[in-house]
Amino acid sequence: MEISSKYNPAATENKWYSHWMANKYFHSTPDTRTPYTIVIPPPNVTGVLHMGHMLNNTIQDVLIRRARMLGMNACWVPGTDHASIATEAKVVNKLKQEGIDKATLSREEFMKHAWEWRDKHGGIILEQLKRLGASCDWERTAFTMDETLYESVIDVFIDLFDKGFIYRGVRMVNWDPQALTAVSDEEVVYKEVRSKLYYINYRLKNSERYITIATTRPETILGDTAICVHPEDERFSHLVGKTVLVPLIEREIPIIADEYVDREFGTGALKITPAHDINDYNLGLKHKLPSVDIFNDNGTMSKDAILFVGHDRFEVRKLIVKQLEEEGFINRIEDYTNKVGYSERTDAVIEPKISMQWFLKMEDLAKPALDVVENENIKFHPAKFRNIYRHWMENVKDWCISRQLWWGQQIPVFYLPNGEMVAAKNKEEALRKASELYPNTRFTHDQLKQDEDVVDTWFSSWLWPISVFDGIRKPDNLEINYYYPTNDLVTAPDIIFFWVARMIMAGMEYRNAIPFKNVYFTGIVRDKHGRKMSKTLGNSPDPIDLIEQFGADGVRMGMLLMAPAGNDLPFDPALCEQGRNFSNKIWNALRLVKGWKSDSELVQCNDAKVAILWFRSRFHEAFAQAEVHFAKYRLSDALMTIYKLIWDDFCSWYLEMIKPGMNQPIDEKTLEATVSFFEDLMKLLHPFMPFITEEIWHLLRVRNEGEDLIVSLLPQQDQANEEILRLFNVTEEIINGLRKLRSEKNIPFREPVSLLVKHNDGVQDETFSGIIKRLCNISEIKQVNESPAGAFGFIVRSTEFFVPVSTSVNIEAEIEKLREELVYTNGFLESVNKKLSNERFVSGAPAEVVSKEMKKRDDAIARIQVINEQIASFEKK
C-alpha cells in the first residue's frame, strides 16, 4: 500500500468526518447499554468559535469519544442559546441599516425579522465545531426557542407562579440603557476606572452656610431627596433635622442621620438619590424618602430631572460640572479610582433603576442544590470551586427573571380587568383559570392582556439538561428516564452561578435528581503573556485559521497539553505546532512499519521477544496511569502519559529495538506484535486526536465495513511485568551512558567497541544484553573483576562500565578533561557537605530534601572514585 510521505490533515479530516456522519456513529437512541450523556453548554446563536469554545468542546469530545470506546451509549447533545439581548441587538441593528425603526413594528413583525436573522446567521458556531471533530449527535441539535424548549419554559414559569415562587414587584434593578432591559446581578461586570470625586456645596435653607458632599456622579444631584450623616458624627449633629437646597434646582431636602454612613469617606455627608443607587434606595425605604427618577430608559435625562432634559447622562456630567463651577457650588475636584458596573452583554455602564420586574424566590430552591454539592453527589473538578459555590448559595438573592425585550419566551401572565392576574399558556387557558378563580365575573378574550416582557435567557438555559430530552412536558418519557441525569458537564467557572447552580436547582425541583454527576471547570484561555484573549487586544487567534495551519488534531493536542482543570491556559501557537509535530512523528512511524517486509521462514530472535515483552508491560503501565488521570479528570496528564508512551517508548525505543537491518526482512511474529501495539496505541490516542488515529487504523490493516476506530473498544487492561520494566530502566541508563560516552569521546557509531562490566553488587542479568549490543554497536560484552587500565568508564546504579580506549584517542587530553571534572566534582561535594553539616538545615528541612542532598553526596563520592581510577588507568598506559 502506497502511503504518502507527508500527512495531509485537511484531506483526512474531511474524509473521516463525512464517513462518521454517514455511518451515524454520533447518533444515540436508548438501548440496553449504559448511557453516557453530555449536554453542550449552548453557545449564543450569535456567536462564532473562539479559543474558549475550542478548549471546552475539545474536552467534551475527548470524554464522549472515550465513553464510546468503553462500550457506553454515548450521547452528546449540541445546541444554541437564543441570547435575548445579543440577538435582539443584532436584529435591531440590521433593521436600522434597512431604514426600519423597531418602534414602528408590531411584536409579530419584529419576531418574523428575528427568526429570519437566526435562520440566516445563527448556528455558524455549530458548523465550526465540526471542523474541530466534535462528535455531537447533530440529529438532536436543540435551540432554546424551539417549540419543545419554549413550551418547557412556559410550563415551568406557570408552575412556579402557581406555587408562589414567582412574584412581581418594584425593585432596584441593574438597568442596561443600551439593551433597554434589566439584567441580573451576575450579568454585571465591575471594572476599576479612573474617575473624579466632586465636592459640592449644598446651602442650608435660610442661611449662608453650607454642607459639602462628595460624589463621583454629579449629574445625579438632580434626583437627590436627602443628605445623610452618621448620628455620632459631631461635625454634623447640630444640622440633623434641618434642610438644604439642591444646587441649581433649589429642591428643599432634609438632613437625616443613619449609621450606614461611612464617616471616613469624602466629607462624611452623603447625598441620597433613592432612584439611582441601591444603598440609597434602601435608605429611602427606611426613612420614607421620595424617589425622583431622573433618567429615561435609554440613559438620557427625563423631565423629572428638570435640567438638561433629553441629554445623555455622560454629556450631562460635563455640562452640570461646568454650571456648578460657574455658580460657585464646586468646592474642589479630586482624582479618584473606583469600580463601575458594566453590562456583560453590551458593555454599557449599568444604571441602577427602580423598576417593576418579575422575580423568582431562590432561598427554598437553593438549599437542596447546595446539599447535593456539599455531600458530593455532584463532584466539582477541581474541588476548590465548591467554596465559591457555597458562598453564593448561602447568600443567594431573588432572581430578576424579566427582560424588556421581544426576542425570547414571552412571560405567560395575563392581566384581568379586575386588577388580578393569572399565569397560563394562552388566552383560552387564562380564561378558564380566571373563571375558576372568579366565578362571579365574566371575562372575554379582548379583556385579557398578556405581559409584554420575556424571561431572562438563563431561565431557559437552566432547564437545558431536562428540556433537551422533553422532560418538562413529558416527565416520564423514555429518553429522559434513560439519559438523565447526565454524566459530565464541562463549563467555565465564570458561569457557576448563571448556569451551573440554577441547573442543579431545576434538576432537584423538577426531577428530584441531580442534572449531572461531575462538573469539570475549564480555565480561561490567555495569551502567553497572561492576558485574557480579546478582540480589543488583538491577541486571540482565529481557531479555524489554526486548524488550517496545524490540523484539527494538532490544535486539539496543543490546547490540552497545557489545560489542567480549573487553571488558566497560557496559550501559544507553538503548542499547536507541537501537536502537528506529534502527528508527523506517528505518521513517520507508520511509514516505517508499513515499509517492512515479513519472511515466514524467519525465526523470531530473542531480542525481539524481549522487546515485545517489555513494551507490552510498558503499554499496560502507561494505560493504567492514564486511566487514573481520567478518573481524576486530569486530562492533560492523561494525554501527556500517552504522548510519552508513543513518542519515547514506542517510536524511540521499541521500534529501534526490533527494526530489521537495511533491506532485511522481519519475522512475522514481531511484525504482527508491532502492528497490534500500533493499533492499541491509536485506541488510547483516538479521543484526543481522532482524525490521524482513524486514518492510521485503516492503513495498518485491511478493515471490513464498520470496523472503524471510533467504535472500537479500548484494549483490555493487563498487569505489567514489574521486573522487566525495572530491568529496562537500568538498560536505558546503560544505553544513554554509552551514547553520551561516544559523543563526548568522539567515537563514531560505526566503530564497534567492547563493553567491560564490573558488577560490584554481584548481580548479573543479561536479559537486555543483545539489545544493548544492537543499539550501541557493541562487539562484545565482557564481565571483569577489576577496573581495567586505559578505559573510559561510567557508573549505572552500583555497576561500573568500561570502554577500552582506541588508538585514536589523545590520552593526555583525556587525562586533562578528567582532572577538570575532578576539580568540579570535589567543589560540588564540598558545597553539599557544607549544607549537610548545618544542623539547622538537617533538622529543619523536609526529610525528602535532606535525603536528596545525601544522595548527591554519595553520588559525588562514587564519581570521584571512578575519576581517580580512570586517571590512574590512563597514566599506567
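The values are calculated or read from the model by the stated rules, or taken from the named source; none is laboratory data. These numbers were taken from a predicted model, which means no experiment stands behind them. Cβ atoms come from the backbone with ideal geometry, glycine included; neighbour counts cover every protein chain shown. All accessible areas refer to the heavy atoms of the entire protein, side chains included, with ligands and DNA or RNA removed. Shrake-Rupley method; radii C 1.70, N 1.55, O 1.52, S 1.80 Å.
What is the stretch 567-657 by shape, rounded, prolate or oblate, if you read a ≥ b ≥ c off the alpha carbon gyration tensor as root eigenvalues and call it rounded for a/c under 1.5, prolate for a/b larger than b/c, and oblate otherwise? Oblate. Here the accessible area is traced with a 1.4 Å probe on the protein chains. For the stretch 620-725, carbon and sulfur cover 47 percent of it. In a DSSP loop and with at most 14 other Cβ atoms within 10 Å, the GluC sites (Glu not before Pro) in the stretch 246-338 are GLU250, GLU259, GLU264, GLU327.
Rounded to the nearest 10 degrees, the inclination of helix 363-374 to the longest alpha-carbon principal axis of the chain is 10 degrees.
Here the label points at LEU248 and LEU592, each 7 Å from Cα along the C-beta direction, are separated by 7.9 nm in the simple model. Taking every protein chain into account, the accessible area of the chain amounts to 46 square angstrom per residue (probe 1.4 Å). Taking a Cβ cut-off of under 9 Å around ILE480, the surrounding Lys, Arg, Asp and Glu residues balance to a net charge of -1, with basic ones at +1 and acidic ones at -1. Helix 84-97 and the longest principal axis of the C-alpha atoms of the chain enclose an angle of approximately 70°. Less than 5 angstrom separates the built amide H of PHE792 from those of VAL803, VAL805, all sequence-distant by 5 or more or on a different chain.
Against the criterion of solvent-accessible heavy-atom surface with a 1.4 angstrom probe, HIS529, HIS620 sort, most first, into HIS529, HIS620. Three semi-axes describe the equivalent ellipsoid of the stretch 614-662; taken as square roots of 5 times the Cα gyration tensor eigenvalues and ordered largest first, they are 26, 10, 4 Å. Positive contributions from Lys and Arg (+1) and negative ones from Asp and Glu (-1), summed over other residues with Cβ under 12 Å from the Cβ of VAL45, come out at -1.
Send over the per residue convex hull volume for the chain, Cα only, as a whole number of Å³.
Dividing the Cα hull volume of the chain by its residues yields 251 Å³.
Amide hydrogen proximity for LYS379: with H placed 1.01 Å from N in the peptide plane, the residues at 5 or more positions away or on another chain lying under 5 Å are ASN518, VAL519. Suppose a student asked you for the relative contact order of the chain, using Cα pairs under 8 Å spaced at least 6 residues apart; what percent would you report? Reported as a whole number, the value is 12 percent.
Where Lys and Arg each count +1 and Asp and Glu each count -1, what net charge lies around ALA366 among other residues with Cβ under 15 Å from its Cβ? Computed value for this residue: -3. Here the stretch 225-345 exposes an accessible surface that is 48 percent carbon and sulfur, computed with a 1.4 Å probe and the other protein chains kept in place.
Highest mean packing comes first when the peptides 465-472, 196-203 are listed by Cβ atoms within 10 Å, giving 465-472, 196-203. Taking each of LYS532/LYS585; LYS339/LYS532; LYS24/LYS130; LYS773/LYS817 in turn, the alpha-carbon distance tops 21 angstrom for LYS532/LYS585; LYS773/LYS817. Estimated purely from DSSP H runs of n ≥ 4, each contributing -39500 (n - 2.57), the mean residue ellipticity at 222 nm for the chain is -13500 deg cm²/dmol once divided by its residues. Counting only protein heavy atoms and using a 1.4 Å probe, what share of the accessible area of the stretch 765-877 belongs to carbon plus sulfur, as a whole percent? Reported share for carbon and sulfur atoms: 51 percent. Spin-label model, ASP364 to ASN477: label points 7 Å out along the Cα-to-beta-carbon direction sit 2.8 nm apart.
Label reach from GLU139 (point 7 Å along Cα→C-beta): in the stretch 15-37, amide nitrogens under 19 Å belong to 17-37.
Taking Cα atoms only, the orientation of helix 690-700 departs from the longest principal axis of the chain by about 30 degrees. In this structure the amide hydrogen of SER598, modeled in the peptide plane, comes within under 5 Å of the amide hydrogens of ILE666, none closer than 5 places in sequence on its chain. Legend: calculated FRET efficiency, GLU820 to ASN584, from the Cβ-Cβ distance at R0 = 30 Å, rounded to 0.05, equals 0.15.
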